[in-house]
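**Student:** Dropping the structure in here first, questions after.
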Amino acid sequence: MRRAIEWIKRNKLTTFLLVIITFLIFRSTPVIPYQLRQKTVSPDMGYTGTGITLEGAPAASRVIRNPSMYPPVQEFTPTDTADRLVVQETNLSILVNDVRKSVDAALNYVKEQGGYMVSSSITQPEEAPFATLILRVPSDKLRESMEYFRSLAIKVSSEYVQGEDVTDEYQDIDSRLKTLEQTKTRFEEILSQAVKIDDILRVQQEIISLQSQIDSLKGRQLYLEQTAKLARVTMYLSTDEIALPYAPSETFRPNVIAKLAYRSLVRNVRKVATAAIWAGVYAVVWVPVLGIVLYLKRRMKKSSKPQ
């Protein structure tokens with residue numbers, strides 16, 4: 001008993017923290033279910049297992065050792081359909097008369113609608129020019145934007161639209177931010193009462209870890225908001241349908257086979273012509289060598305004949 005009293009006198013702050021933790025454990029209701037406490041969240045959310053972790057921090061300060069201090073996870077009700085966050089992505093392959101003019105028209109239209117260009121590339125092969133555009137357009141104007149892009153085409157070879165609902169992830173992040181903010185406030189209250197330097201440093205490490213996780217989650221939340229507001233459109237443009245990435249609707253098309261055979265012939269003729277050009281350029285090397293070899297062979301044959 002005397003040893004326990006002496007230990008309490010030497011570790012007043014630790015005893016104070018243990019009393020607060022015990023009080024919070026018995027006071028917190030309802031109790032978090034076992035399945036919820038054992039839930040593992042993906043690393044990009046800043047969580048691993050039942051503790052709060054900080055990627056890149058020292059091992060000693062990466063896990064808060066008092067998970068019972070966290071308030072119970074709050075339940076939330078589903079959001080209305082109109083308020084849900086949906087990330088939209090579209091792929092469009094179109095056949096056009098002039099690739100350069102079509103690309104410029106698409107870029108000007110997106111700029112007028114309040115969007116922007118992510119990337120643009122145009123190649124000019126001998127067979128047919130080809131362009132790839134990645135654009136961001138406001139989600140509420142995606143339908144009319146797609147109609148305009150179709151109007152640029154002679155033919156729409158393929159079109160693919162995909163949507164991903166991220167509302168649940170957004171709400172989950174919001175709930176975890178509230179938990180982290182409350183936990184950080186408690187540690188700040190403990191820090192204001194700390195006396196020993198070691199205790200102050202440990203509490204500060206936990207506060208820094210919590211703040212880093214809060215910043216990471218807020219960044220993820222902002223990314224989801226911006227991605228949901230601006231839909232991603234990937235466009236492929238070419239003057240030749242064969243150059244576009246699409247699955248043909250017909251298995252046997254003679255005109256396509258004829259184009260492929262013609263291109264194969266042109267490609268092989270170019271290879272032969274290229275080899276001939278290389279041989280002509282290097283003739284200053286191999287012609288004298290060949291002449292010397294032939295001359296030596298003739299001399300050897302003459303010397304080998306009987307006298």
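What follows is calculated from the coordinates using simple rules that are stated; it is not laboratory data. Just so we're clear, the structure is a prediction, and the values are computed from it rather than from any experiment. We place every Cβ from the backbone using ideal geometry, glycine too, and count neighbours over all the protein chains shown.
**Student:** I want the local charge near Ser119. Using Cβ-Cβ distances under 12 Å, sum +1 for each Lys or Arg and -1 for each Asp or Glu among the other residues.
**Tutor:** Surrounding charge for Ser119 is +2.
**Student:** Applying a 10 Å radius around every beta-carbon, put 140-146, 236-242 in order of their mean neighbour count, most first.
**Tutor:** 236-242, 140-146
**Student:** Find how many whole Å separate the alpha carbon centroid of the stretch 160-230 from the alpha carbon centroid of the stretch 87-149.
**Tutor:** Measuring centre to centre over Cα atoms gives 38 Å.
**Student:** Now a separate question. Give the peptides 207-218, 106-117 in descending order of average Cβ contacts within 10 Å, highest first.
**Tutor:** The packing order, highest mean first, is 207-218, 106-117.
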